[in-house]
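To start, the structure itself, in structure tokens.
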Amino acid sequence: MDFLDPVLAGFEVVFTPANLLYVLAGVVIGMVIGVLPGLGPVATIALLLPITYEIPAESAIIMLAGIYYGAMYGGTITSVLLRLPGEAATVITTIDGYQMARQGRAGSALGIAAIGSFIGGTVSIVGLTLVAPLLARFSLGFGPPENAVLAAMGILLVATLGTVSTAKSLVAAGLGLLLAAAGPDPLFASLRFTFGNINLADGVDFVALAMGLFGLGEILYLLEHRARNRLPKPRVSNAWPSRQDWRQSRGAIGRGSVVGFFIGLLPGGGGVLSSMAAYALEKRRSRTPERFGRGAIEGVAGPETANNAAATSSFIPLLTLGIPTNPVMALIFGALLLQGIPPGPRLIDENPEVFWGVVDSMYVGNVFLLILSVPLVGVFVRLVSVRDSILAPIVVTVTMLGVYTVNNSTFDMLLVIFFGVVGYLMKKTGFEPGPLVLAFVLGSLLETAFRQSMRIFDGDPTGFLTRPISGTLFAVGVLVLLVPVGVRLLRRRRPATGKPARDTATAEPARDTATAEPARDTATEDVLAPEQRTPAEDNGATDGRSP
């Protein structure tokens with residue numbers, strides 16, 4: 001009963017009329033921005049950061065969390081119906097989801113995506129409820145050395161396990177650390193990198209940085225690429241999967257829940273990585289892998305379940321260790337700091353209404369998602385017709401007004417414009433802003449903890465290895481960094497040894513050039529291969545098997 005008391009107290013927080021409204025608002029906003037290509041949860045949460053000043057802390061985080069996992073399903077709708085991924089995590093869904101829509105099974109695809117999202121999210125919330133308090137108690141013994149190692153691991157793992165090249169991610173993370181160093185020294189309060197500008201005496205404002213990179217930067221990039229591939233909209237007849245669909249996809253839903261939960265815990269994990277991993281897993285273990293890319297319902301169920309499970313489990317490192325694992329968690333980290341609540345192991349004891357209110361709100365939010373997902377499909381699809389020339393000025397106006405209201409500073413508005421241009425150039429040249437923001441958020445924690453640790457160790461860096469927890473964390477971090485390197489080396493040596501690049505259990509002789517698959521073992525390449533086709537090539541590849 002002692003364990004259930006705080007959980008029940010969290011439901012008391014959630015079931016107040018105001019917080020129920022914030023849950024509903026977050027889920028609906030998340031679904032809407034998931035439908036609109038070019039926005040996404042990162043840009044939306046960045047734009048809404050100023051609003052969080054005016055509402056209670058638990059309500060603010062409840063709404064932002066709803067936006068995050070709501071966007072995971074919103075992007076599914078256009079991925080299935082129009083082959084336009086509204087959110088990065090739903091890119092994989094376009095491969096088989098759109099093929100199902102062309103075969104007249106759009107309703108089944110959307111229905112199984114909604115059910116899988118609900119199950120994956122619920123399984124992950126149960127895991128969050130059970131694991132987070134234990135991890136929080138364990139992390140109470142953390143001191144400066146442990147915090148320094150955790151912060152360094154978070155930055156390095158995000159840079160090396162991200163979706164872009166490692167070199168570009170490291171460069172972006174280095175820029176984030178440089179920006180975090182601007183302002184007062186954390187130990188002696190001497191000013192650094194201010195260039196004599198009094199507006200930088202307190203450092204770079206996080207809200208201006210986030211709204212510039214993810215708000216204005218995304219809009220500038222979207223306007224340049226506003227030419228979209230408009231395809232005929234398939235009709236949704238029955239948005240409920242058949243028994244056969246359920247039998248085929250229930251295993252994928254179970255596996256996607258587990259894969260998404262654990263990948264969400266990793267720095268750099270999240271919806272994109274978990275959906276790719278779930279799709280690759282289903283294709284590898286399938287007895288008929290040739291069905292994937294042609295309308296396999298497992299190719300929708302697995303990724304959609306995994307990205308929702310990962311969206312929920314990514315809150316565990318944030319709330320218990322104070323370590324954001326992806327850009328969305330970095331923004332929610334900033335929202336907590338704006339409320340004067342430092343996330344970390346003491347959050348569960350010092351602010352239980354925030355911790356358990358957010359956790360329990362996810363149970364309610366997932367029910368709202370399941371109820372709203374099917375009836376509002378038609379409304380969300382119509383949102384895609386909104387022209388960028390209308391959407392962009394509205395977003396830019398909200399961005400500039402929002403950042404001004406935080407500090408009543410015109411300098412912050414100039415910072416938004418500057419970082420908006422930086423964000424646009426980063427996207428255009430293949431750099432992701434995510435590692436920059438994560439390094440910026442963790443940079444001050446890393447510097448303060450590292451310098452405090454060096455004082456404790458009298459300047460001896462080997463002290464990090466002699467402490468049990470920090471030494472173990474360091475060893476785990478090194479192991480995780482070396483595993484991908486080892487895998488790449490093995491893949492390079494495999495062709496030289498004459499071994500087949502693909503699993504012989506699933507390899508089949510190519511019957512024709514349309515169904516033949518290249519002999520490679522890279523899961524990501526296998527997942528993304530159908531996405532590289534143009535619509536015309538895709539029609540030819542299906543060989544008339546889909547209408």
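The values are calculated or read from the model by the stated rules, or taken from the named source; none is laboratory data. Here the structure is a predicted model, which is why all the values come from computation and not from measurement. Ideal geometry is used to build each Cβ from the backbone, glycine not excepted, and the neighbour counts take in all protein chains shown. Side chains included, ligands, DNA and RNA excluded: accessible areas come from the protein's heavy atoms. Shrake-Rupley method; radii C 1.70, N 1.55, O 1.52, S 1.80 Å.
Going from most exposed to least, what order do 243, 451 have by accessible area with a 1.4 Å probe?
Values: 243 200, 451 60 Å².
Highest to lowest solvent-accessible surface, that is 243, 451.
Which parts of region 335-368 would a label at residue 9 reach, counting a residue when its backbone N lies under 12 Å from a point 7 Å out along Cα-to-Cβ?
348-357
Provide the packing ranking of 299-308, 407-416, 313-322, i.e. peptides ordered by the mean count of other C-beta atoms within 10 Å per residue, highest first. Intermediate values should be presented prior to the final figure.
On the way: 299-308: 36.1, 407-416: 16.3, 313-322: 26.3.
Result, highest mean Cβ count within 10 Å first: 299-308, 313-322, 407-416.
Length gain on complete extension for the stretch residue 451 to residue 411, per 0.36 nm per residue less the alpha carbon to alpha carbon distance? Mind dumping the intermediate values first?
Values: separation 40, 0.36 × 40 = 14.40 nm, distance 3.11 nm.
The span from residue 451 to residue 411 would gain 11.3 nm if fully extended.
Pop a pseudo-label 7 angstrom from the Cα along the beta-carbon direction at both residue 394 and residue 178 and give the gap in nm to one decimal.
So the label points at residue 394 and residue 178 sit 3.7 nm apart.
Going by average Cβ density within 10 Å per residue, which order do the peptides 115-126, 427-438 take, highest to lowest? Please report the intermediate quantities before stating the final value.
Values: 115-126: 24.9, 427-438: 21.8.
So the order, starting with the most tightly packed, is 115-126, 427-438.
Using C-alpha positions alone, give me the convex hull volume of region 112-221 per residue in cubic angstrom.
On the way: hull volume 20.5 nm³, N = 110.
Convex hull volume per residue, Cα atoms: 186 Å³.
Provide the packing ranking of 180-191, 70-81, i.e. peptides ordered by the mean count of other C-beta atoms within 10 Å per residue, highest first. It would help to have the intermediate numbers written out before the result.
Details: 180-191: 14.2, 70-81: 31.5.
So the peptides 180-191, 70-81, ranked by packing, come out 70-81, 180-191.
At 1.4 Å probe size, with every protein chain present, just tell me what the per residue accessible area of region 2-75 comes to in Å². Write down the numbers at each step before the final one.
Values: 2390 Å² over 74 residues.
Computed with neighbouring chains in place, this is 32 Å² per residue.
How much accessible area per residue does region 244-379 have, counting only protein heavy atoms and a probe of 1.4 Å, in square angstrom?
Values: 4120 Å² over 136 residues.
Here the residues of region 244-379 average 30 Å² of exposed surface.
Can you give the FRET efficiency to the nearest 0.05 for residue 425 and residue 202, using r as the Cβ-Cβ distance and R₀ = 30 Å? The partial results should precede the final answer.
On the way: r = 26 Å, r/R0 = 0.87.
It comes out at approximately 0.70.
Tell me, what is the 1.4 Å probe accessible area of residue 5, in Å² to the nearest 10?
80 Å²
Report the FRET efficiency, 1/(1 + (r/R0)^6), for residue 469 and residue 346, where r is their Cβ-Cβ distance and R0 is 22 Å, rounded to 0.05.
Details: r = 17 Å, r/R0 = 0.76.
After rounding to 0.05, the efficiency reads 0.85.
Report the FRET efficiency, 1/(1 + (r/R0)^6), for residue 25 and residue 462, where r is their Cβ-Cβ distance and R0 is 60 Å, rounded to 0.05. Show your work: numbers first, answer last.
Values: r = 51 Å, r/R0 = 0.86.
Result of the calculation: an efficiency of 0.70.
Okay, which of region 288-321 sit inside 18 Å, backbone N to the point 7 Å along the Cα-Cβ direction of residue 244?
Those under the cut-off are 288-301.
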